[in-house]
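Derivation of every value follows stated rules applied to the coordinates shown; laboratory data play no part. Just so it is clear, the model here is predicted, and its values are computed rather than measured. Every residue, glycine as well, gets a Cβ built from its backbone with ideal geometry; the counts of neighbours run over all protein chains shown.
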């Protein structure tokens, strides 16, 4: 049994005391307290990243053992659970990636984040809003998606709702337990509202690769700001202006953060693969040769610091990296520090620097 002391972020707020855990949290011996009254570390729920393409020089689309490196890279930065995220690609390439994901799910590698399943980002997107996705967009077919799900569990699927047949497809996917996100879309405000009525849950990298907000044409962004409970956002301060982040925080109750990280995360400047694309990491960003942002180099410990720099309290920022993504996914044993939850937790000092990470009770090597 392990014991950590500090300011513990529980579902009911901050408590100061001791947290006892093995693979699971056993008990918390603490009382309500304000961290401002002491100088002890923060004990936060492990971060959950629902949009991870790569890290440590490896890409999900490689298949094979790529996720070993990816999961270890992100675990060193406080991420204890991930969704392996695919790119828009021919069917055979997606299947190769999913076979690698299944291998990683079957056995969590020591020192790595838990791979909870797959975020299928495309290929059912609008070819007019590819962003950094390769040009293999196509209409969604339920049988094909079911086949993908037989290779590895699909937890989240991004699609463009305005494509013919996709509204009805949303209902079919939701009935199978897949969370549908709207993204890489030229859809209108009305398309977004209708898609939510069909069961869409969230929005993929809010503001990026979707129709923007105009006061007479609110677009997909307007649908999210007006109606969404959940949406993911990349808080690297490159993809979205701080002012837009603040607007989304006021409008969307459970806005949560993702990295959309590429193979370049945790690596020096240079060229890396993102699906079929070669991307360049330089000056903290990742871009295609034409300058288009192509995922990020963000890690979620940096995301925490970025959110606090924008004025969020530490507890609010932390929930957007753990509790809210868990709720969006329908997971209740992660993303929170409470008895009988997985012992996924991070220890952060008062300068918001990572001191220790535990995945299911295992201390991750620094």
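Would you list 277, 119 from fewest to most Cβ contacts within 10 Å?
277, 119
At 7 Å along Cα-to-Cβ for each site, give me the label-to-label distance between residue 197 and residue 309 in nm.
The answer from the label model is 4.2 nm.
Can you give me the relative contact order of the chain as a percent, contacts being Cα pairs under 8 Å and 6 or more apart?
Dividing the mean separation by the residue count of the chain yields 21 percent.
In what order do 82, 25 fall by count of nearby beta-carbon atoms within 10 Å, going from fewest to most?
25, 82
Between residue 366 and residue 1, what is the FRET efficiency for a Förster distance of 25 Å, r being their Cβ-Cβ separation, to the nearest 0.05?
Given R0 = 25 Å and the Cβ-Cβ separation, E is 0.65.
When averaged across all projection directions, what area in nm² does the alpha-carbon convex hull of region 135-231 cover?
6.1 nm²
Of the candidates 112, 284, 335, which one comes out as most mobile in a Gaussian network treatment of the chain with C-alpha springs shorter than 10 Å?
Among 112, 284, 335, the largest mean-square fluctuation in the Gaussian network model of the chain belongs to 284.
Evaluate E = 1/(1 + (r/R0)^6) for residue 23 and residue 214, where r is the Cβ-Cβ distance and R0 equals 45 Å; express this FRET efficiency to the nearest 0.05.
Calculated transfer efficiency: 0.35.
Please state, as a whole number in µm²/s, the translational diffusion coefficient that the Stokes-Einstein equation yields for the chain at 20 °C and 1.002 mPa s, with Rh defined as the Kirkwood radius across alpha carbon pairs.
105 µm²/s
Of all DSSP beta bridges located in region 46-336, what percent are antiparallel, nearest 5?
Approximately 30 percent, going by the DSSP bridge assignments.
With springs connecting C-alpha atoms under 10 Å apart, model the chain as a Gaussian network and identify which of 235, 268, 45 has the largest mean-square fluctuation.
Highest fluctuation of the listed residues: 268.
Roughly what would the spin-label model give for residue 106 and residue 246, points 7 Å off Cα along C-beta, in nm?
With each label point 7 Å from Cα toward Cβ, the separation is 5.1 nm.
In whole angstrom, note down how far apart the Cα centers of region 239-280 and region 318-366 are.
20 Å
Assuming R0 = 22 Å, what is the FRET efficiency of residue 171 and residue 332, from their Cβ-Cβ distance, to the nearest 0.05?
Computed FRET efficiency for residue 171 and residue 332 comes out at 0.35.
Angle between the Cα long axis of helix 242-251 and the longest principal axis of the chain, 0 to 90 degrees, nearest 10?
Roughly 90 degrees, rounded to the nearest 10.
With each pseudo-label sitting 7 Å past Cα toward Cβ, what's the residue 229-residue 276 distance in nm, one decimal?
Modelled inter-label distance: 3.9 nm.
To the nearest 10 degrees, how steeply does helix 66-75 sit against the main Cα axis of the chain, on a 0 to 90 scale?
The angle comes out at about 40 degrees.
Where is the GNM fluctuation largest for the chain (alpha-carbon springs, 10 angstrom cutoff): 32, 228, 264?
Of 32, 228, 264, the Gaussian network model singles out 32 as fluctuating most.
Can you give me the relative contact order of region 250-320 as a percent, contacts being Cα pairs under 8 Å and 6 or more apart?
29 percent
Suppose we keep just the DSSP beta bridges with both residues in region 235-345; what percent of those would be antiparallel, to 5?
90 percent
Give me the extension gain from residue 143 to residue 37: residue separation times 0.36 nm, minus the current Cα-Cα distance, reported in nm with one decimal.
Gain in length upon complete extension: 32.4 nm.
Could you work out how far helix 166-175 tilts from the main Cα principal axis of the chain, as a 0 to 90 degree angle to the nearest 10?
The two axes meet at around 40 degrees.
When DSSP assigns beta bridges and you keep just the ones with both residues in region 1-87, what percent turn out antiparallel, to the nearest 5?
Bridges in region 1-87 are about 75 percent antiparallel.
Helix-only estimate, please: 222 nm mean residue ellipticity of the chain, summing -39500 (n - 2.57) across DSSP H runs of length 4 or more and dividing by its residues, to the nearest 500.
After summing the helix terms and dividing by the residues of the chain, the value is -8000 deg cm²/dmol.
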